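All of the numbers you see were taken from the coordinates with simple rules; none came from a lab. Note that the coordinates shown come from a computational prediction; the quantities given were computed from them, not determined experimentally. Here the Cβ is made from the backbone with ideal geometry for all residues, glycine too, and neighbour counts use every protein chain on show.
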């Protein structure tokens with residue numbers, strides 16, 4: 001039977017590095033997804049994952065074992081991502097979202113009358129605008145939205161990760177969705 | 001008729017609206033709310049199409065390989081170690097006793113006891129690998145401080161903890177470097193050690209002014225440059241056989 005996170009965390013706190021390895025292997029992928037959606041960049045996301053585990057290891061003694069290790073790691077990774085995005089913006093101004101390979105564009109695979117060049121160009125444009133609209137969200141809005149929308153956390157859990165009341169988390173999600181709708185609705189309506 | 005607010009529609013989309021049936025009924029009857037909800041669905045569905053890069057199946061194991069060497073040693077390692085480790089240690093110790101007994105019975109005393117004479121070249125390489133790792137981690141701490149937001153106060157308690165670990169670790173390297181006559185390495189380690197010690201013993205909260213002073217000091221003493229130069233020399237002198245195997249700690 002697979003050990004629970006809580007049992008493994010107890011061993012890791014006692015200094016068992018093998019136990020910490022299990023936690024790293026178990027949570028790396030979900031942290032990468034979160035970090036990628038927060039930073040919009042693969043290399044940055046990988047740096048965030050590593051940095052998050054290093055921070056977690058150093059702070060393991062202060063971890064409340066009654067809490068969820070996954071939620072705690074999300075909080076650390078969200079903070080690492082925010083630090084990195086802020087540092088990046090400070091160093092080089094706004095970071096332009098990477099122009100992905102359009103041939104693999106999921107928008108182009110939506111049911112349609114066929115992938116006409118216009119449709120492919122439009123879908124690429126939409127994705128670019130989605131990334132841009134995400135960049136326009138404040139750190140709290142972006143974090144709350146990523147956790148609610150992509151990670152499927154309920155508002156209470158989002159609040160726990162952000163260390164705020166569920167009501168405040170809810171408002172961050174509302175503001176994020178409203179901003180995204182204002183930025184993207186005109187374009188999405190054209191693509192219908 | 002009371003329309004559903006945008007907030008209610010968002011909660012409905014995520015399945016967190018308290019009265020789902022009432023919201024559904026309202027959407028069936030109200031074209032205005034239906035249009036707004038349709039717009040919301042379209043936008044959120046489009047956001048879903050942002051791709052996330054595919055990761056290799058062994059991604060977690062690779063993350064572990066990258067961070068393992070950077071983890072500070074924790075107390076309590078042996079008590080938490082699995083039982084087989086105790087058994088292996090016990091078996092090894094018992095083996096040593098038997099070997100010592102047999103050796104005492106069958107071999108004459110040699111005039112000069114040949115305690116495992118370490119190969120000086122191997123010694124030097126092990127030192128270089130350990131120093132390279134130490135420099136890399138010291139550089140990470142100092143770069144984090146040098147790149148911190150210059151306008152906001154900063155909590156450096158986690159950097160202090162790492163600096164403290166590094167200081168206690170560096171003594172051994174410095175002593176070994178002095179002992180082997182490697183004064184260049186010893187001098188740089190001295191410089192790095194002084195800065196790390198000041199960080200470890202200083203306040204946990206740095207004001208923007210204190211942070212700026214720290215940055216100026218790093219620049220004036222050329223600490224990061226010295227670390228880079230020494231790291232580069234260390235890498236050049238490290239033989240491939242001196243690299244620790246995955247999972248091995250120095």
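Label positions at residue A:6 and residue B:35, each projected 7 Å from the Cα along the C-beta direction, are separated by 5.2 nm. Could you work out the percent of alpha carbon pairs in segment B:120-242 separated by over 23 Å, rounded to a whole number? In whole percent, the share of Cα-Cα pairs in segment B:120-242 beyond 23 Å is 31.
Length gained on full extension, residue B:184 to residue B:210, computed as 0.36 nm times the residue gap minus the Cα-Cα distance: 6.4 nm. Ranked by how many other Cβ atoms sit within 10 Å of their own Cβ, fewest first, the residues B:133, B:198 fall in the order B:198, B:133. Once a ≥ b ≥ c are taken as the square roots of the eigenvalues of the Cα gyration tensor of segment B:6-47, is the result rounded (a/c under 1.5), prolate (a/b larger than b/c) or oblate (a/b not larger than b/c)? Oblate is the answer for segment B:6-47, as a/c is 1.5 or above yet b/c matches or exceeds a/b.
Give the order of B:33, A:164 when sorted by the count of other beta carbons within 10 angstrom, beginning with the fewest. Could the numbers behind the result be given before it?
Values: B:33 22, A:164 16.
Going from least to most buried by this count: A:164, B:33.
Residues of A:16-22, mean number of Cβ from any other protein chain within 10 Å of their own Cβ, rounded to a whole number? Each step should come with its number before you reach the end.
Numbers: counts 9, 10, 5, 2, 5, 9, 2.
Average per residue, whole number: 6.
Peptide packing: for A:64-71, A:41-48, B:45-52, the average count of neighbouring Cβ atoms within 10 Å per residue gives the ranking A:41-48, B:45-52, A:64-71, highest mean first. Each 5 Å bin from zero up to the one holding the largest Cα-Cα distance in segment A:43-91 carries the following percent of pairs: 4, 22, 28, 22, 12, 7, 3, 1.
Mind running the shape call on segment B:133-184? Use the C-alpha gyration tensor, a ≥ b ≥ c as the square roots of the eigenvalues: rounded below 1.5 for a/c, prolate if a/b tops b/c, oblate otherwise. The partial results should precede the final answer.
Numbers: a/c = 3.94, a/b = 2.47, b/c = 1.59.
Because a/c hits 1.5 or more and a/b exceeds b/c, segment B:133-184 counts as prolate.
Remark: mean inter-chain Cβ contacts per residue of A:26-39 equal 3, using a 10 Å Cβ-Cβ cutoff to other protein chain atoms. With the simple model of a label 7 Å out from the Cα in the direction of the Cβ, residue A:18 to residue B:194 spans 4.5 nm.
Sorting B:199-207, A:143-151 by their mean Cβ neighbour count within 10 Å, with the most densely packed peptide first, gives A:143-151, B:199-207. With q set to 0.21, 0.22 Å⁻¹, the log10 of I(q)/I(0) for segment A:1-95, from the Debye formula over equal scatterers at the Cα positions, is -0.98, -1.04. Averaged over peptide B:51-60, the number of partner chain Cβ atoms lying within 10 Å of each residue's Cβ comes to 5.
Once both labels are positioned 7 Å from their Cα atoms along Cα-to-Cβ, the gap between residue B:59 and residue A:65 label points is 3.1 nm.
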